[in-house]
1. Restricting attention to segment 12-33, which residues are over 11 Å from P56 (Cβ atoms) and either aromatic (F, W, Y) or not in a loop (DSSP other than H, G, I, E, B) (or both)?
2. Return yes when T68 is among the β-branched types (V, I, T) and in a helix (DSSP H, G or I) and no when it is not.
3. Among residues belonging to segment 24-82 that are touching a strand residue (DSSP E or B) at 6+ places or on another chain (Cβ under 7 Å), over 16 Å from L14 (Cβ atoms) and of a type in the set (A, V, I, L, M, F, W, C), point out the one that is surrounded by the fewest Cβ atoms within 10 Å (Cβ to Cβ).
4. Before we move on, is P45 without any contact (Cβ under 8 Å) to a residue 40 or more places away in the chain, assigned to a loop (DSSP other than H, G, I, E, B) and over 22 Å from L17 (Cα atoms)?
5. Based on this model, can you work out whether L36 counts as under 23 Å from W82 (Cα atoms), of a type in the set (A, V, I, L, M), assigned to a loop (DSSP other than H, G, I, E, B) and under 10 Å from the mean Cα position of the chain (by Cα)?
6. If a residue has to be in contact with an Asp or Glu (Cβ under 9 Å, 6 or more places away or on another chain) and over 17 Å from D78 (Cα atoms) to count, how many in segment 35-65 make the cut?
Amino acid sequence: MLAATGYRLDIDALAFLAPALRRGVVRVPGSKPPRLTSTFEASVPGLYVTGSLAAPMFGPMMRFVAGTECAAARVARDAARWVVAP
């Protein structure tokens, strides 16, 4: 049996996001992953988070490929509002 525990879900670990942007993300109370809406959007408008960082809000299936169908559908529907028609 292998128990791969001990890693921390932390939005601050995403160094490719600007520090100011990371500071603007509201966290899950008592932890460091982002608090997300039902469409996986963080408190920073237009910033969507899926995968392991979404697991505290949506459950452990988000850590696996099986969770991508749900996440992709919700993000795509919501993100369409950011598209400006020509």
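1. Residues satisfying the conditions are D12, A13, F16, P19, A20, L21, R22, R23.
2. Spelling it out, T68 is indeed among the β-branched types (V, I, T) and in a helix (DSSP H, G or I).
3. Once the filter is applied, the top-ranked residue is A79.
4. No: the conditions fail for P45.
5. Spelling it out, L36 is indeed under 23 Å from W82 (Cα atoms), of a type in the set (A, V, I, L, M), assigned to a loop (DSSP other than H, G, I, E, B) and under 10 Å from the mean Cα position of the chain (by Cα).
6. Selection size over segment 35-65: 1.
Here, each number is a calculation from the coordinates, and none is a lab measurement. Keep in mind that what you see is a predicted model, and the values were worked out from it rather than measured. Counting neighbours? That spans all protein chains shown, and the Cβs are built from the backbone with ideal geometry, glycine included.
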